[in-house]
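For reference, the structure is listed below as C-alpha cells.
The values are calculated or read from the model by the stated rules, or taken from the named source; none is laboratory data. Fair warning: this is a prediction, and the values are worked out from it, not measured in the lab. Glycine also receives a Cβ, built like all others from the backbone with ideal geometry; neighbour counts cover every protein chain displayed. What goes into the accessible areas is simple: the full protein's heavy atoms, side chains included, and nothing from ligands, DNA or RNA. Shrake-Rupley method; radii C 1.70, N 1.55, O 1.52, S 1.80 Å.
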Amino acid sequence: MRKTLGWLLSLVVLIGTMGAAGATAQAATAAGPAAATDIKDRILGIPGMSLIEEKPYPGYRFFVLNYEQPVDHRQPWKGTFKQRMTLLHKDVSRPTVFFTSGYNVNTNPRRSEPTTIVDGNQVSLEYRFFTPSRPDPANWAKLDIWQAASDQHRIFTALKKIYNKNWLSTGGSKGGMTATYYERFYPRDMDGVVAYVAPNDVVNNEDSAYDRFFAKVGTKECRDRLNAVQREALVRRVPLEAKYAAAAAENGWTFTTVGNLDKAYEAVVLDYVWAFWQYSLLADCSSIPTAATASDQEIWDTIDAISGFSAYADQGLQTYTPYYYQAGTQLGSPDIKQPHLKGLSRYGYQPPREFVPRDIPMTFQSGAMADIDGWVRDNAHQMLFVYGQNDPWGAEPFRIGYKTRDSYVMTAPGANHGANVAQLQEGEKALATAKILQWAGVAPAAALADSAKAKPLASADAQLDQQDLEREPQLRP
C-alpha cells in the first residue's frame, strides 16, 4: 500500500506551501506571466527560501540556498531551522532530479548520473542535523528518517509549482537509503527513484551476510594479503600506536568521544579490509605491502591511506555525529567476524554508541528498517537499485517482490561503492537508462521502442559529473 499520511500530510502541505502559492500568484500579477520572471526571483518568492550565493556555470544557473524547515514536521509551530540546499537550474521545461548524499551538501555545481541522463535540473539537499543545517538547540530525537523524508517532501511541494515536469529522486549510499525512505513515506511525490549502493540492514543483530561476502570477495590471494596487513597492524600495536600518538600531537587530535587512543587505533585498523573493498578495485591489491617484510612505516602508510587515522579522533567524528546517531537509533550497523584477528582485537567492531558524545541519548528502534524493507518488497514502483559486486555494503541489499511494478535491482560486475548505471553490463545499462528516461518523461521514441538505443541526453562534463566519494570509515555507508 502507498501510505498518504492523511491529515498530517495535509497539515504540512498547508503550512509549507499555501503561502508560496499566494506569493507566486501575486508575483505573476505584478510582473506579468511567471515565465517572464527571472528564475531566481521565482525561487526566492517561495516563503522561507533565501539566497546564500549564486555561482556561474555555463549552460546553467547554480544557486546555494537556505530553506526554513520545521524542526518537527508533526508540530511545525514548535520552531524552525535553516536547511542548506543547492539548485542547478537548466530549464523549467526539463525534468528535475532530487539528490541527497545523506550528509552535507556540496556547494559547488555537480550533476548526478540521472541528471545527466535526463538533461535536467537538480535540487541537492543537505541532510538535517549536518552542520550548518542543524537546529539550535539540537533535539536529537527529531533526527529520524521520517523527519528527513518530510524535509524533502516540503521542498518538493514548494518547488513543484515552478518545476512542474517529472521528478526523480536519487542518491548514493546513505543518499540511496534516503531516496528509498522518501519514497516509502511519500510515494506520490516522485515519478521514479534511482538508489545507488543503498545498504539495507533489516535485522541489526544478524550480520552473517557480511561474513559470507568477505569469505569470497575478489581472490583468495588478495583477501589473504589484506588480512595479513590488518593482523600485522595489531601485532605491531605498540610501535604503531607511538606513531599515532605523535600524529595526534602534531595535528591536535583528541579522543574524548571514543574514549582513548587505543580504541581509536583499533577501530581504524578494523576498518582496513572493509574500506579497501569499499573504495578500491581488485587490481589495486598489487599495491598492498607484504605484511611479513613491510616496515612499520609501510604498514602505517597503507592503513592511513585506506582507513585514515584521523577518522576516530574527535575532530574526525564530529562532522558525522548525525550519521552515527542514526546508525545507532534506526539504520543499524554491521558487526563482522574477523577470525584472523583472534587474540589481537581487544574491542571488536565498536557500535555507533561509541562514536556519539555521551550527552546525546540513543535508543535503537528495531522496527524502522524492517518497515522500509517490507514496504519496498511489496510496493516498489518505478524504482531502480544499483549495486557494486565487490562493495561490502551490497551484502545486504534491497530486494523487490512479486507485487512490485516496473522496479529493478542490478549489480555492476567488479564495481565498488561507486557503482553506477554506466558500469552495468550492456543489456542492463541500456534498460536502466531507458527506464530513467521514461520515468522522467523525456524518453525519445527510439528508446521507448528499443532500450538498446537509450543514451544520456546531456553531453558529458568532467567538472559537473565528477563523483564526490567521501573517504568514509567502515560504519558509514
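Going by what's in this entry, would Tyr402 be described as hydroxyl-bearing (Ser, Thr, Tyr) and open to solvent by 40 Å² or more (accessible area, probe 1.4 Å)? It would help to see each step written out before you state the result.
Numbers: hydroxyl-bearing (Ser, Thr, Tyr): yes; open to solvent by 40 Å² or more (accessible area, probe 1.4 Å): yes.
Here the answer is yes, as Tyr402 does meet what is asked.
In this structure, is Ala247 outside any helix (DSSP H, G or I) and more than 27 Å from Ala419 (Cβ to Cβ)? Explain how you work it out, then say what you get.
Numbers: outside any helix (DSSP H, G or I): no; more than 27 Å from Ala419 (Cβ to Cβ): yes.
When the stated conditions are applied, Ala247 does not pass them.
Regarding segment 96-109, can at least one residue be identified that is within 17 Å of Gly176 (Cβ to Cβ), of a type outside the set (S, T, N, Q) and open to solvent by 10 Å² or more (accessible area, probe 1.4 Å)?
If we filter segment 96-109 for residues that are within 17 Å of Gly176 (Cβ to Cβ), which is where we start, we get 97-106.
Right, trim to of a type outside the set (S, T, N, Q) and you get 97-99, 102-103, 105.
Subsequent filtering for residues that are open to solvent by 10 Å² or more (accessible area, probe 1.4 Å) retains 99, 105.
Yes; the residues of segment 96-109 include at least one that is within 17 Å of Gly176 (Cβ to Cβ), of a type outside the set (S, T, N, Q) and open to solvent by 10 Å² or more (accessible area, probe 1.4 Å).
Would segment 371-388 turn up any residue that is under 20 Å from Ala215 (Cα atoms) and in contact with a helix residue (DSSP H, G or I) (Cβ under 8 Å, 6 or more places away or on another chain)?
Applying the first criterion (under 20 Å from Ala215 (Cα atoms)) to segment 371-388 yields 387-388.
Checking the rest, the ones that are also in contact with a helix residue (DSSP H, G or I) (Cβ under 8 Å, 6 or more places away or on another chain) come to 387-388.
Yes, segment 371-388 contains a residue that is under 20 Å from Ala215 (Cα atoms) and in contact with a helix residue (DSSP H, G or I) (Cβ under 8 Å, 6 or more places away or on another chain).
Among the numbered criteria (1) part of a loop (DSSP other than H, G, I, E, B); (2) under 19 Å from the mean Cα position of the chain (by Cα), which single criterion is violated by Pro135?
(2)
Among the residues of segment 289-304, is there at least one that is crowded, with 22+ Cβ neighbours inside 10 Å, under 25 Å from Val217 (Cβ atoms) and either of a type in the set (Asp, Glu) or within 18 Å of the chain's Cα centre (by Cα) (or both)?
There is no residue in segment 289-304 that is crowded, with 22+ Cβ neighbours inside 10 Å, under 25 Å from Val217 (Cβ atoms) and either of a type in the set (Asp, Glu) or within 18 Å of the chain's Cα centre (by Cα) (or both).
Looking at Ala422, Ala434, Ala430, which is the one that is surrounded by fewer than 18 Cβ atoms within 10 Å (Cβ to Cβ) and modelled with pLDDT of 95 or more?
Every option except Ala422 fails the conditions.
Considering segment 49-105 alone, what residues qualify as being assigned to a strand (DSSP E or B), in contact (Cβ under 8 Å) with a residue 60 or more places away in the chain and of a type in the set (Gly, Ala, Ser)?
Across segment 49-105, there are no qualifying residues.
Could you check segment 171-186 and list, in sequence order, the residues that are more than 25 Å from Gly348 (Cβ to Cβ), of a type in the set (D, E, K, R) and crowded, with 24+ Cβ neighbours inside 10 Å? Break it down into steps so the answer makes sense when it comes.
So in segment 171-186, the residues more than 25 Å from Gly348 (Cβ to Cβ) come out as 171-172, 175-176, 178-186.
Subsequent filtering for residues that are of a type in the set (D, E, K, R) retains 183-184.
Result: Glu183, single match.
Counting only residues that are part of a loop (DSSP other than H, G, I, E, B) and of a type in the set (Ser, Thr, Tyr), which one in segment 166-209 is nearest to Ser93 (Cα to Cα)?
Going residue by residue through segment 166-209, those that are part of a loop (DSSP other than H, G, I, E, B) are 166, 173, 186-191, 197-207.
With the extra rule that they be of a type in the set (Ser, Thr, Tyr), the set shrinks to 173, 186.
Details: Ser173: 30, Tyr186: 24 Å.
If we take residues in segment 166-209 being part of a loop (DSSP other than H, G, I, E, B) and of a type in the set (Ser, Thr, Tyr), then Tyr186 is nearest to Ser93 (Cα to Cα).
Yes or no: segment 220-233 includes at least one residue that is aliphatic (A, V, I, L, M) and open to solvent by 60 Å² or more (accessible area, probe 1.4 Å).
Step one: of segment 220-233, the residues aliphatic (A, V, I, L, M) are 226, 228-229, 233.
Still in the running and open to solvent by 60 Å² or more (accessible area, probe 1.4 Å): none.
No, segment 220-233 has no match at all.
Go through segment 234-260 residue by residue and tally those that are crowded, with 16+ Cβ neighbours inside 10 Å and either among the hydroxyl-bearing types (Ser, Thr, Tyr) or within 19 Å of Pro392 (Cβ to Cβ) (or both).
Number of matching residues: 2.
Return the residue satisfying two criteria in turn: it lies in segment 187-219 and is hydroxyl-bearing (Ser, Thr, Tyr) and either farther than 23 Å from Asp406 by Cβ or surrounded by fewer than 24 Cβ atoms within 10 Å (Cβ to Cβ) (or both), and of such residues it is farthest from the chain's Cα centre (by Cα). Walk me through it before giving the result.
Pass one, segment 187-219, residues hydroxyl-bearing (Ser, Thr, Tyr): 196, 208, 210, 219.
With the extra rule that they be either farther than 23 Å from Asp406 by Cβ or surrounded by fewer than 24 Cβ atoms within 10 Å (Cβ to Cβ) (or both), the set shrinks to 208, 210, 219.
Working: Ser208: 24, Tyr210: 20, Thr219: 29 Å.
It comes out as Thr219.
Could you figure out which of (1) touching a residue at least 40 places away in the same chain (Cβ under 8 Å); (2) in a helix (DSSP H, G or I); (3) buried (at least 19 other Cβ atoms within 10 Å of the Cβ) isn't true of Lys263?
(3)
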